[in-house]
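For reference, the structure discussed in these notes is given below.
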């Protein structure tokens, strides 16, 4: 039932004329007349609420939910007052997971859970279109296609909160009547964090050396984009205090959807104590503290030296999340509305597999370096390398402590690194036999 028909039926049931309803609600008689005759089909949320209060029903009921939920069995009160059935349903519905009823994308009903998820009052959503009000621009084409298709297959899009922040959701829907569709909305933020960490972990298992870090950073960037985070770059800063060195790997992102710089270059290496930015970064890292900062001149001067960032990297806010070997850093754009605690939670989920990968790759590089020295000794016909015990140590097979340590390090390596080390050991064996 349309708004005008519902309004007229409720008014007449309570023995009110348009003038009396105008006096009770504060809504002009002319407006009430235009609504009842269908010349006005939408009202401001404040006018809807005033009319609903005057008639003793909820805004949802006034907007036509009485027809949608007419099949719900309930018992009216002795006076047969309207709205009892809907009020009982509403008390239950507001505590369920987020859902909405809509007519071709126009809100007919939204429960309290969905309204709070989006940052609106329920009555502010009624009559508005889902696509225009609460859908991220990049997700609107997909949502429109799904609304037109009437498919019951779940799909993921980005929704837009009232404060301008984006978040991923899964929507599953089905038809209630010929014109009304039920859509259930699940916030996927936490699940996407787990998925992103899983992708980083899988990529870490395939990594062969620290040179593959940039590929992992691209995966991190893709995951953040899919969760609605717009940014200008992702950096991994490895800190080695003993050598006073900060090594920075980075991937730059430009404008929307978001042409990543495809080139791969050597990481930037900086002396920690020579720059204010690096000293402060290490200070936060030592205390295991997240660092949110507005970049200063010293920061931009350093980033211009980075082969993968350069002068195009101009974030308005940089967030560094620490882990045992360094920090994961994200530079945010000035036009980005974001809930930083959500981003920090995502970054903290990502640094766990990232730290494990770096630990394994560092071990692999150290072991490969040791094996390369041994191989060089063999090629130089070093007498020490001909000793059987020394050969066993290289192969990681002997029972002494050095060999045992090599064997343990080998087992802790990522799968791809183990293959490289095994291949190199085989070369040593062939050389030794010859």
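The values are calculated or read from the model by the stated rules, or taken from the named source; none is laboratory data. Remember, predicted model here, so these are calculated numbers, not experimental data. All Cβ positions, even for glycine, are placed from backbone atoms using ideal geometry, and neighbour counts span all protein chains on display.
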Of the conditions (1) modelled with pLDDT under 65; (2) not in a helix (DSSP H, G or I), the single one that residue 385 does not satisfy is (2)
By residue number, the members of region 315-347 that are at pLDDT 80 or above and assigned to a loop (DSSP other than H, G, I, E, B) are 315, 316, 324, 325, 333, 337, 338, 339
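For (1) surrounded by fewer than 16 Cβ atoms within 10 Å (Cβ to Cβ); (2) farther than 30 Å from residue 365 by Cβ; (3) in contact with a strand residue (DSSP E or B) (Cβ under 6 Å, 6 or more places away or on another chain), each residue gets a yes or a no:
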| residue | (1), (2), (3) |
| --- | --- |
| 166 | no, yes, yes |
| 177 | yes, yes, no |
| 197 | no, no, no |
| 202 | yes, no, no |
Counting only residues that are more than 23 Å from residue 110 (Cβ to Cβ) and either in contact (Cβ under 8 Å) with a residue 40 or more places away in the chain or in the same structural domain as residue 179 (by TED's automatic domain parsing) (or both), region 10-59 contains a total of 3
Take residue 277 and decide whether it is out of contact with any helix residue (DSSP H, G or I) (no Cβ under 9 Å at 6 or more places or on another chain) and surrounded by 13 or more Cβ atoms within 10 Å (Cβ to Cβ). no
Considering only region 1-47, give the helices (runs of 4 or more DSSP H) lying wholly within it that have at least 2 residues that are closer than 15 Å to residue 58 by Cα. 3-13
